[in-house]
Amino acid sequence: MTVISIREQPEYAQDAIRFFQKHWATQYSERVYEDCILNCLDSPSPLPQWYLLHDNGQIIGGAGLITNDFISRMDLYPWLCALYIEKPCRGHAHGSLLIEHIKKQAKQSGYGQLYLCTDHVGYYERYGFAYLAQGYHPWGGCSRIYQAKL
């Protein structure tokens, strides 16, 4: 298994765009991933960062490290976002490889905490995240906010 940084290996940018669009985009947000990934490649800002998990030449997962995950708590950052492992590859803790890589990258960038928002209960706690608060999305929904100390 290899974690690929899209900034360090921009030749994977189009693969990353297709991956995140396939798993997270709606008809209204399809361009969000394309715009974000392409514009981060040469950005002087440390965030966002996008990662793919490769196994034997196949992309089996991905996740991002971003400034805000469409949630009301804009005072908190950075955020782990868009974690997805292909369904046939689940159940083998492959998500932990991306989570740990992103935690390491956030810590190396000088951050002391990492946040995420989700409706899942029980998954992220296994990887050092603890419930922090409820957060609210611009479209009217809400999600649980979790925090991990780095």
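The values are calculated or read from the model by the stated rules, or taken from the named source; none is laboratory data. Every value quoted in this text rests on a predicted model; they were computed, and no experiment measured them. So basically every Cβ, Gly included, is an ideal-geometry build from the backbone, and we count neighbours across all protein chains shown. Side chains are part of the model used for accessible areas, which takes the heavy atoms of the whole protein and leaves out ligands, DNA and RNA. Shrake-Rupley method; radii C 1.70, N 1.55, O 1.52, S 1.80 Å.
Each principal axis of the Cα cloud of the range 38-113 was taken in turn, and the coordinate range along them, longest first, works out to 36, 26, 23 Å. Using C-alpha pairs under 8 Å with a sequence gap of at least 6, the mean separation divided by the residue count of the chain gives a relative contact order of 18 percent. In a reduced charge model with +1 at each Lys and Arg Cβ and -1 at each Asp and Glu Cβ, the range 18-88 shows a dipole moment near 160 debye about its Cα centre. Which of the trypsin sites (Lys or Arg not before Pro) found in the range 9-100 are loop residues per DSSP with 14 or fewer other Cβ atoms within 10 Å of their Cβ? Loop-located and lightly packed - 90. Annotated for the chain: lysine pairs at least 8 residues apart or interchain, Cα distance under 19 Å, count 4.
May I ask for the longest run of the chain untouched by chymotrypsin sites (Phe, Trp or Tyr not before Pro) that are loop-located per DSSP and have at most 13 neighbouring C-beta atoms (other than their own) within 10 Å? It runs 29-122.
Using a Gaussian network model of the chain in which every pair of alpha carbons under 10 angstrom is joined by a spring, one finds that among 105, 58, 49 the greatest mean-square fluctuation is at 58. Taking 0.890 mPa s as the viscosity and 25 °C as the temperature, the Stokes-Einstein diffusion coefficient of the chain based on its alpha-carbon Kirkwood radius rounds to 157 µm²/s. In this structure the chain gives 55 Å² per residue of accessible area when probed at 1.4 Å with all protein chains present.
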